[in-house]
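Enquirer: Could you have a look at this structure, given as structure tokens, before my questions?
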Amino acid sequence: MPVLVMKFGGTSVANIDRIRRAAKRVGLEVAKGYDVIVIVSAMSGKTNELVGWVNEISPLHDAREYDAVVSAGENVTAGLMALTLQEMDIPARSWQGWQVPLKTNSAHSAARIEEIPTDNINGRFAQGMRVAVVAGFQGISPEGRITTLGRGGSDTTAVAFAAAFDAERCDIYTDVDGVYTTDPRITSKARKLEKIAFEEMLELASLGAKVLQTRSVELAMRYNVKLRVLSSFEEPSDEAGTLVCAEEEIMESQVVSGIAYSRDEAKMTLISVADRPGIAAAIFGPLSEAGVNVDMIIQNIAEEGRTDMTFSCPTDQVIRAEKALREAKERGDINYHDLIADTNVAKISAVGIGMRSQSGVAAKMFKTLSDEGINIKVIATSEIKISVLIDRKYMELAVQALHDAFELDKAA
Ligand code: ADP
Ligand code: ASP
Ligand code: MG
């Protein structure tokens, strides 16, 4: 029988009523003849609560125990979903990550999936089980310890299962009815997209649009998984939601197709470092070894052989970055007068594959922000995106102004 993967996010399994509603959706697909793999998140708010407890006990915690704790939310919803389906007379069984086993590497709290053996679950499908309910977000390391895939990781579990089981489709049920031109919570003018190209979705996700975890889009692109984002609160229909697909499948295309934002960005500035060959390597080498994800970088013009170096990184990596740079200074590898961390910034990005062939997007973006009196602190560009760092208090205003300027409320 063909296999379908259905993933339900936290709000879609937030309480027993919602689990029943989601289970009904699953029942409809079973009735059509699919064997279904259901991937569940923890009930909304649960993972945050678990993370909070871990941090309260131990701010610089052992990552293996962090994973042992924060993976627990998904175990509850997997069992509850299987029970609900059984009550509906649908043969169903729950699986925790280690039972599949979903094998990952040992990078606790940000583990990568290495292998998903299919024989276990397929064997049960062959015996008449119709739904395998799998706890999302978790796996098992080569050392036999529980791992997690990073926040939002159930999306990645879902796509990885769809690839491993050669599923006909991977449906991601969430609290919005698709992928929008920007977060619909920021502007009511945000427009739902019928389709979006993998490359654009990948950029939007990595630049902050948390509707899909970045890694899930990467996997879908690599294994050509038919990926759909839709709401579990809307009436079922074949046209519902947004299809994430290859560029060639999209007829209409705008120069800019979406605006993303990230409020978890920090700007770090090293004041007065020596401007000499090898200085960038001496700064960014230790940062990379410390696991700091540096995004934007600017080096200012040098005066009398000294310069300022600015970079951005996620807010929760600031302490790690400061420690790595302080140690490099103590070793004598770099010398700087001061290190300033500005955590009151946000990153705003315009994304679109049309940018490859159209000029003027950056100019329009800068003009729009300047008309609103918003100062740009750092700029970064790539083939299909432009990102700027601005004061966080202007984040919503910037998203709204750019959405208007690029006329994203209107279809191409
Ligand atoms: P789930 O718990 O189902 O995984 P998430 O909270 O992780 O849901 O992701 C869905 C949220 O992503 C939406 O509620 C919305 O606020 C946010 N979001 C950000 N950017 C976008 C976008 N471009 N399109 C749709 N949703 C977006
Ligand atoms: N429950 C996890 C989180 O909140 C994983 C997920 O929902 O995708 O990050
Ligand atoms: Mg999510």
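The numbers here are math on the coordinates, done by the rules we state, and not lab data. Keep in mind that what you see is a predicted model, and the values were worked out from it rather than measured. Cβ: placed from backbone, ideal geometry, glycine included. Neighbour counts: every protein chain shown.
Enquirer: What is the log10 of I(q)/I(0) for the range 1-108, computed with the Debye formula using one identical point scatterer on each Cα and no solvent, at q = 0.14, 0.15, 0.24 Å⁻¹?
Expert: The computed values of log10 I(q)/I(0) come out as -0.62, -0.69, -1.31.
Enquirer: Sticking with this one: If you take the beta carbon distance between Glu56 and Ser359 as r and set R0 to 45 Å, what does 1/(1 + (r/R0)^6) give as a FRET efficiency, to the nearest 0.05?
Expert: On the way: r = 51 Å, r/R0 = 1.14.
Result of the calculation: an efficiency of 0.30.
Enquirer: Still on this structure, I have one more. Report, to the nearest 10°, how far helix 154-164 tilts away from the longest principal axis of the Cα atoms in the chain, using its own Cα long axis and a range of 0 to 90°.
Expert: Its long axis makes an angle of about 60 degrees.
Enquirer: Taking every alpha carbon pair in the chain, what does the distance histogram look like in 20 angstrom bins from 0, in percent?
Expert: In whole percents, the pair-distance histogram is 25, 53, 21, 1.
Enquirer: Could you derive backbone 3J(HN,Hα) for the range 329-345 from the dihedral phi with the Karplus parameters 6.51, -1.76 and 1.60 (θ = phi - 60°), listing whole Hz in sequence and x where the residue is Gly or Pro?
Expert: Each residue's phi maps through the Karplus curve to give 5, 5, 6, x, 6, 9, 9, 9, 7, 8, 10, 10, 9, 10, 9, 9, 10 Hz.
Enquirer: Return the Cα extents of the range 306-369 along principal axes one, two and three, sorted largest first, each rounded to a whole Å.
Expert: Computed over the Cα atoms, the extents are 47, 28, 21 Å.
Enquirer: Quick one: check the C-alpha center-to-center distance for the range 137-155 versus the range 1-73, whole angstrom.
Expert: 13
Enquirer: Note down the net charge around Ile379, summing +1 for each Lys or Arg and -1 for each Asp or Glu among other residues with Cβ under 14 Å from its Cβ. Before the final figure, lay out the partial values.
Expert: On the way: positive: Lys267, Lys347, Lys364, Lys367, Lys377, Lys385; negative: Glu265, Asp295.
Here the count lands on +4.
Enquirer: Let me ask something else about it. Please order Ser387, Ser253, Ser141 by the number of other Cβ within 10 Å, starting at the fewest. Before the final figure, lay out each step's value.
Expert: Working: Ser387 25, Ser253 14, Ser141 19.
The fewest-first ordering by Cβ neighbours comes to Ser253, Ser141, Ser387.
Enquirer: Roughly how many Å is it from the Cα centre of the range 353-371 to that of the range 312-347, as a whole number?
Expert: Distance between centres, Cα-based: 31 Å.
Enquirer: Given a Förster distance of 41 Å, report the FRET efficiency between Gln127 and Asp238 from their Cβ-Cβ distance, rounded to the nearest 0.05. Write out the running numbers ahead of the final one.
Expert: On the way: r = 30 Å, r/R0 = 0.74.
It comes out at approximately 0.85.
Enquirer: Okay, moving on. Hey, any idea what the orientation-averaged projected area of the convex hull of the range 158-311's Cα atoms comes to, in nm²? Please list the in-between numbers first.
Expert: Working: hull surface 50.3 nm².
Reported value for the Cα convex hull: 12.6 nm².
Enquirer: In whole angstrom, how far apart do the alpha carbon centroids of the range 74-98 and the range 212-289 sit?
Expert: 32
Enquirer: Using the Cα atoms of the range 109-195, I'd like the radius of gyration and the largest Cα-Cα distance, Dmax, both in angstrom.
Expert: For the range 109-195, the Cα-based Rg and Dmax read 16.5, 50 Å.
Enquirer: Report the extension gain between Ala281 and Asn344 in nm, rounded to one decimal, defined as 0.36 nm multiplied by the number of residues separating them, less their alpha carbon distance. Display every interim value, and only then the final one.
Expert: Numbers: separation 63, 0.36 × 63 = 22.68 nm, distance 2.70 nm.
Result for the pair: 20.0 nm of gain on full extension.
Enquirer: Given the options Leu270, Leu227, Leu207, state which has the largest fluctuation in a GNM of the chain using a 10 Å cut-off (strictly under) for Cα springs.
Expert: Checking each option, the largest mean-square fluctuation is seen for Leu270.
Enquirer: In the chain, what percentage of the DSSP-assigned beta bridges are antiparallel, given to the nearest 5? All intermediate terms of the calculation are to be shown ahead of the outcome.
Expert: Details: 44 of 73 bridges.
Percentage antiparallel, nearest 5: 60.
Enquirer: Then there's this: Based on the alpha-carbon gyration tensor of the range 297-412 and its eigenvalue square roots a ≥ b ≥ c, which shape applies: rounded if a/c is under 1.5, prolate if not and a/b is larger than b/c, or oblate?
Expert: On the way: a/c = 2.46, a/b = 2.12, b/c = 1.16.
Here the range 297-412 falls in the prolate category.
Enquirer: Project the alpha carbons of the range 39-178 onto their principal axes and report the range along each, largest first, in whole Å.
Expert: 46, 30, 28
Enquirer: State to the nearest 20 debye the size of the charge dipole of the range 158-281 about its Cα centre, where the only charges are +1 on K and R beta carbons and -1 on D and E beta carbons.
Expert: Here the range 158-281 has a charge dipole of around 620 debye.
Enquirer: In angstroms, what radius of gyration and Dmax does the range 239-377 have, counting Cα atoms only?
Expert: When restricted to Cα atoms, the range 239-377 yields Rg and Dmax of 19.1, 63 Å.
Enquirer: So for the pair Asn120, Asp371, with labels modelled 7 Å out along Cα→Cβ, what separation do we get in nm?
Expert: Output for this residue pair reads 5.6 nm.
Enquirer: If amide H atoms are built 1.01 Å from N in the plane of the peptide, which residues on other chains or at least 5 residues away come under 5 Å of the amide H of Ala266?
Expert: Sorted by chain and number, the residues that satisfy this are Cys313, Thr315.
Enquirer: When only Cα pairs under 8 Å and 6 or more residues apart are kept, what is the percent relative contact order across the chain? All intermediate terms of the calculation are to be shown ahead of the outcome.
Expert: Working: 889 pairs, mean separation 56.0, N = 412.
In percent, rounded to a whole number, it is 14.
Enquirer: For the range 34-82, take the convex hull of the Cα atoms, compute a quarter of its surface area, and give me that in nm², please. Don't skip to the answer; put the middle values down first.
Expert: On the way: hull surface 16.0 nm².
Mean shadow area of the hull around the Cα atoms is 4.0 nm².
Enquirer: Additional query: Connecting C-alpha atoms closer than 10 Å in a GNM of the chain, tell me which of Gly373, Gly278, Gly123 has the biggest fluctuation.
Expert: Ranking Gly373, Gly278, Gly123 by mean-square fluctuation puts Gly278 first.
Enquirer: Would you mind counting up the charge near Ser232? Only other residues with Cβ under 13 Å from its Cβ, with Lys and Arg at +1 and Asp and Glu at -1. The partial results should precede the final answer.
Expert: Working: positive: Lys7, Arg18, Arg20, Arg21, Lys24, Arg25, Arg228; negative: Asp17, Glu29, Asp171, Asp175, Asp177, Glu234, Glu235.
Net of charged neighbours comes to 0.
Enquirer: For the chain, modelled as a GNM with alpha-carbon contacts under 10 angstrom, which of Ser359, Ser109, Ser312 fluctuates the most?
Expert: Ser359
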